[in-house]
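Please find one structure pasted underneath; my questions will follow.
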Amino acid sequence: MKKIIHVRFKHNGKSYYFDPNGLDIQEGGCVIVETSRGSECGEVVRGPHEVPDASVPKALKKVVRLADDADIRRMKQNREDEEKAFKICEEAIEKHELPMKLIDVEYTYARNKILFYFTAEGRVDFRELVKDLASVFRTRIELRQIGVRDESKMIGGLGICGQPFCCSRFLTNFQPVSIKMAKEQGLSLNPTKISGSCGRLMCCLAYEQPAYEYLGKITPGLNSVVKTPEGEGTVTEVNLITGMLRVRLENSAEIQPKYFHRGECEYLRGGKRKPIKPEPEEEPAFDAGEGALPAEEESVDDAAEL
C-alpha cells in the first residue's frame, strides 16, 4: 500500500496523485508540487490515504512543501491577471481577424508561461498573434486548441435538466458516449434531445448504461416466446425499467395483449438471444450522477504526466 493525496490545479480540473512526503496535509489546504510545467500551487481535494501500489505510478512525485500565505496571494494574483490577459488576447485576435474563439487563460505559478485556450473549426495561423502577445506579457506564450467538450467544461452552464454541467461540476474525465446507448435506453434519436450544449451526445447517457445492459440480459426480448401464468405467448413490447412485458397469448379468446412481469414469465424460444437468470443478490447498479470514476480508479497515465 502507498499513501497518496489528490491535488487539483483548477477549480473544475482533474485531480492528480502526489506523495504527501510525510507532511501534515489537510483536505482543502494548498501545497506546492513539482509538475512537468514547473512548480505549481494546487488545492488538496482529498487528504492522505492508502491505495494499492499497482494503482499509482512507481515514480510518484512528492509534495515539495505546504503553501504559505505568500503562495496563496501569488495564486490569487495570477487569477486576477488572467482576466486582464483574456481581454488583451481577445483584442489581439480581433485585430488580426483570426477565426478562433478564446476560451480561457492560465498563468503558471512561477509566471514563466501563460497559456491561452481556444477553439476553432480548423487550423489557425496564429504566429503574428503570438508575437504580439509576447511583446505585451514578456514571457513564454503557448496557445492550445481544445474541443467543444473542453470548452463547456471550462465555461460551465446549465444543462437541459436544470443542473450545472456535469463536466464542470464533478466529471474529471470524458467518457465515450455512443448513439447505441441512446437506442438501448429507448430514447429519441433526435439530436436536439440527446445532445448537450456542446453539441455532442450528453455525458449522462453513460450513467445508467450498465443498468440497461444488465436488464437487457435478464429480460426476454421482442418476439420471444414465453410461458406466462395464462399460457404461452409472444412478447410484443418490453419495458426494461419496470420489467413489464406485453405478451400476445396464443391460445386465448382475448385479442388484446396482456402485461406480465418478467419474473412471472419463463423464456422458451425466439428473440435475438436467450436471457440469463439473474442472481438472487444481484441488483442493477444505477449510477445516480456520479459519472466520474473514483479517484483510485482514474488513469495513472494522466497522473504520471505531471
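The values are calculated or read from the model by the stated rules, or taken from the named source; none is laboratory data. Note that this is a predicted model, so its numbers are computed, not measured. Quick reminder, even Gly has a Cβ in these numbers, built from the backbone with ideal geometry, and neighbours come from all protein chains shown. Side chains are part of the model used for accessible areas, which takes the heavy atoms of the whole protein and leaves out ligands, DNA and RNA. Shrake-Rupley method; radii C 1.70, N 1.55, O 1.52, S 1.80 Å.
Any residue in region 275-293 that is modelled with pLDDT of 85 or more, surrounded by 12 or more Cβ atoms within 10 Å (Cβ to Cβ) and in contact with a Phe, Trp or Tyr (Cβ under 6 Å, 6 or more places away or on another chain)?
There is at least one residue in region 275-293 that is modelled with pLDDT of 85 or more, surrounded by 12 or more Cβ atoms within 10 Å (Cβ to Cβ) and in contact with a Phe, Trp or Tyr (Cβ under 6 Å, 6 or more places away or on another chain).
Quick one: is Glu80 closer than 22 Å to Glu43 by Cα, assigned to a strand (DSSP E or B) and either of a type in the set (Lys, Arg) or out of contact with any helix residue (DSSP H, G or I) (no Cβ under 6 Å at 6 or more places or on another chain) (or both)?
In short, no.
Can you tell me how many residues in region 24-64 are of a type in the set (Lys, Arg), outside any loop (DSSP other than H, G, I, E, B) and open to solvent by less than 90 Å² (accessible area, probe 1.4 Å)?
Total satisfying the criteria: 1.
List every residue pair whose Cβ atoms sit under 6 Å apart, with the two residues 6 or more apart in sequence or on different chains, where the first one lies in region 22-33 and is among the β-branched types (Val, Ile, Thr) and the second, anywhere, is not in a strand (DSSP E or B).
Hits for this filter: Val31/Ala67; Ile32/Ala67.
Then there's this: Filter region 1-43 for residues that are hydrophobic (A, V, I, L, M, F, W, C) and out of contact with any Lys or Arg (no Cβ under 8 Å at 6 or more places or on another chain); which is nearest to Glu106 (Cα to Cα)?
Within region 1-43, the match that is nearest to Glu106 (Cα to Cα) is Phe9.
Hey, another quick one. Which residues, counting only those in region 230-260, are closer than 13 Å to Leu215 by Cα and surrounded by fewer than 18 Cβ atoms within 10 Å (Cβ to Cβ)?
Passing the criteria: Asn239, Ile241, Thr242, Gly243, Met244.
Mind counting the residues in region 168-195 that are within 30 Å of His6 (Cβ to Cβ) and at pLDDT 85 or above?
4
Let me ask another. Give me a count of the residues in region 145-173 that are crowded, with 18+ Cβ neighbours inside 10 Å and aromatic (Phe, Trp, Tyr).
Residues that pass the stated criteria total 1.
Please go through region 159-195 and give me each residue that is within 30 Å of Tyr16 (Cβ to Cβ) and either in a helix (DSSP H, G or I) or aromatic (Phe, Trp, Tyr) (or both), ordered by number.
Result: Phe165, Cys166, Cys167, Ser168, Arg169, Phe170, Phe174, Met181.
Among the candidates Glu106, Glu82, single out the residue that is free of Cβ contacts under 8 Å to residues at least 40 places away in the same chain, open to solvent by less than 40 Å² (accessible area, probe 1.4 Å) and touching a Phe, Trp or Tyr at 6+ places or on another chain (Cβ under 9 Å).
Glu82
Could you go through region 197-212 and let me know if any residue there is without any contact (Cβ under 8 Å) to a residue 24 or more places away in the chain and over 28 Å from Val45 (Cα atoms).
no
Take region 139-161 and flag every residue that is over 15 Å from Cys203 (Cα atoms) and over 16 Å from the mean Cα position of the chain (by Cα).
Across region 139-161, the qualifying residues are Thr139, Arg140, Ile141, Glu142, Leu143, Arg144, Gln145.
While we're here: Within region 66-78, track down each residue that is touching a strand residue (DSSP E or B) at 6+ places or on another chain (Cβ under 8 Å) and open to solvent by 90 Å² or more (accessible area, probe 1.4 Å).
The answer is Arg74, and nothing else.
For Glu91, which of the numbered conditions (1) open to solvent by 90 Å² or more (accessible area, probe 1.4 Å); (2) touching a residue at least 12 places away in the same chain (Cβ under 8 Å) fails to hold?
Of (1) open to solvent by 90 Å² or more (accessible area, probe 1.4 Å); (2) touching a residue at least 12 places away in the same chain (Cβ under 8 Å), only one is false for Glu91: (2).
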